[in-house]
Amino acid sequence: MLLKAILSTDVLTRFEQELKWMDKEDVNHLFYADKHYPDRLRQCEDAPLNLFYKCDIDLNKDKFISIVGTRKASSFGKQFTNELVK
């Protein structure tokens, strides 16, 4: 049943749409087992299996700042983030 759901046209179509969106928006992806997955994050017992990020960055640097958000941010959220980054 799970395999049937995974192979359904709707799921595959949605997956293809996500890949196209990621390519268009220049979104990168790392899986937990990827050699570039952040070492410190991998040590957390509840580390996410997938990381999505924009820009080129070495996620294993000693210090960096990240902002976690939603794809459909509110205008307040966008404004707040812009002020925070400044």
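List the pairs whose first member sits in segment 11-26 and is closer than 14 Å to PHE52 by Cβ and free of Cβ contacts under 8 Å to residues at least 24 places away in the same chain, whose second member is surrounded by 11 or more Cβ atoms within 10 Å (Cβ to Cβ) and among the hydrophobic types (A, V, I, L, M, F, W, C), and whose Cβ atoms are under 8 Å apart, counting only residues at least 6 apart or on separate chains?
Listed pairs, sorted by first residue: TRP21/VAL27.
Given the conditions (1) modelled with pLDDT of 90 or more; (2) not in a loop (DSSP other than H, G, I, E, B), and given that VAL11 satisfies all but one, which numbered condition is not satisfied?
(1)
Cβ contacts < 7 Å: first residue under 19 Å from TYR32 (Cα atoms), restricted to segment 59-77; second residue of a type in the set (D, E, K, R), any location; separation 6+ or different chain. Result?
Filtered contacts from segment 59-77: ASN60/ASP39.
Taking the residues in segment 25-68 that are assigned to a loop (DSSP other than H, G, I, E, B) and either hydroxyl-bearing (Ser, Thr, Tyr) or in contact with a Pro (Cβ under 6 Å, 6 or more places away or on another chain) (or both) as candidates, determine which candidate is modelled with the lowest pLDDT.
Going through the qualifying residues, I end up with SER66.
Just to verify a result, which residue in segment 69-86, among those that are part of a helix (DSSP H, G or I) and among the charged types (D, E, K, R), is nearest to the chain's Cα centre (by Cα)?
LYS78
Please work out which residue is farthest from the chain's Cα centre (by Cα), limiting yourself to segment 39-65 and to residues that are more than 24 Å from GLU25 (Cα to Cα) and hydrophobic (A, V, I, L, M, F, W, C).
Filtering first and then ranking leaves CYS44.
The values are calculated or read from the model by the stated rules, or taken from the named source; none is laboratory data. This is a predicted model, so every value here is computed, not measured. Counting neighbours? That spans all protein chains shown, and the Cβs are built from the backbone with ideal geometry, glycine included.
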